[in-house]
């Protein structure tokens, strides 16, 4: 697509990339609009965020994850545009790859990707530190339960707000608040030390080489940090569950019997985080997750 008007994308390219783009491709996401631009012979990525404060988080996440992703390409930060303000943007290098979710259909290629992807994930989860679970609020906590309960308190605060009342029905909000207050009722996990997580590791955020279809890159680690590895695991089935990333991971690293219940819980309240930050408010979807979690929390845990 040729850009004819001097809009914000063009101005950012002129300011940070040294010229006017002659090719632009746009992808619309939950939290940002992403533009793949070509200036001269160089392709780069501009990411415009809808909420302030995200650009610096993602820049830090990219630099952080790159330290532990040897042999895998991670976008490099070129510049931050007005970080912390409305209209902030992140300018990054382009990683030549296709989201695995879009590129792979062959069962052989899917199985190979699942193997490579979960090997990378296990290598991240082998990276630990002695103390300090990082919360999304930027604070450090002595244990995972404290960090996650702080996260839940933020979700409860939103669910009780007038803004949430305009978006979600009262019965759904009451049920969600009740579930948020039942965190201690979840099957306990053997958590151990905080581990490195990506925090949005589904198949659309792993890139494969367009020719070989081998894993080559990772994108969107906005909240990469040291936390609990299960905050990665519940994302594995978010996109293209037919890739069977979670079963592949569990075949290599079996977990305890209560995992399925905890993942359902983490997934539900991750959706509430998205609802609070965006205009997404699919009540039918949320009720299905609530009903599923209700069943799981009343069952005797079984092996996953």
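Rounded to the nearest 10 degrees, what's the angle between the helix 107-125 long axis and the longest principal axis of the chain, both from Cα atoms, 0 to 90? In the chain, helix 107-125 runs at an angle near 80 degrees to the longest axis. Over all directions, the projected convex hull of the C-alpha atoms in segment 8-95 averages 5.6 nm² in area.
Computed from Cα positions, the angle between helix 259-277 and the longest principal axis of the chain comes to roughly 50 degrees. Computed over the chain with a Gaussian network model linking Cα atoms closer than 10 Å, the most mobile of 186, 176, 121 is 186. For the peptides 138-149, 156-167, the ranking by mean Cβ contacts within 10 Å, running from highest to lowest, is 138-149, 156-167. Given the C-alpha centroids of segment 75-137 and segment 1-65, what is the distance between them in whole angstrom? The distance from the Cα centre of segment 75-137 to that of segment 1-65 comes to 17 Å.
Extent along the principal axes, Cα only, for segment 142-283: 51, 34, 26 Å, with the longest axis given first.
By the count of other C-beta atoms within 10 Å, a proxy for reagent exposure, 30, 64 are ordered fewest to most as 30, 64. With runs of 4+ DSSP H residues as the only contributors, calculate the mean residue ellipticity of the chain at 222 nm using -39,500 (n - 2.57) per run, divided by the residue total and rounded to the nearest 500. Value at 222 nm, helices only, nearest 500: -12000 deg cm²/dmol. Averaged over residues, the count of other Cβ atoms within 10 Å places the peptides 15-21, 259-265, 187-193 in the sequence 259-265, 15-21, 187-193, highest first. Taking every alpha-carbon pair within segment 122-163, the share separated by more than 12 Å comes to 66 percent.
Would you list the P(r) distribution for the chain, with all Cα-Cα distances sorted into 10 Å bins from 0 and each bin expressed as a whole %? Taking all Cα pairs of the chain, the binned fractions are 6, 25, 33, 25, 10, 2, 0 percent. Any chance you could give the angle, 0 to 90 degrees and rounded to 10, that helix 144-159 forms with the longest Cα principal axis of the chain? In the chain, helix 144-159 runs at an angle near 80 degrees to the longest axis.
A viscosity of 0.890 mPa s and a temperature of 25 °C, combined with the Kirkwood radius over C-alpha pairs in the Stokes-Einstein formula, give segment 49-116 a diffusion coefficient of 175 µm²/s.
Taking the inverse of the mean 1/r over every pair of distinct Cα atoms in segment 161-243 gives a Kirkwood hydrodynamic radius of 16.0 Å. Sorted largest first, the spans of the alpha carbon positions of segment 80-204 along the three principal axes are 46, 41, 33 Å. Protection proxy ranking for 273-284, 42-53, 66-77, using the average of other Cβ atoms within 10 Å per residue and placing the highest first: 42-53, 66-77, 273-284.
All of the numbers you see were taken from the coordinates with simple rules; none came from a lab. These figures come from a predicted structure and were not determined experimentally. When we count neighbours, we look across all protein chains shown, and the Cβ atoms used for this are built from the backbone with ideal geometry, even at glycine.
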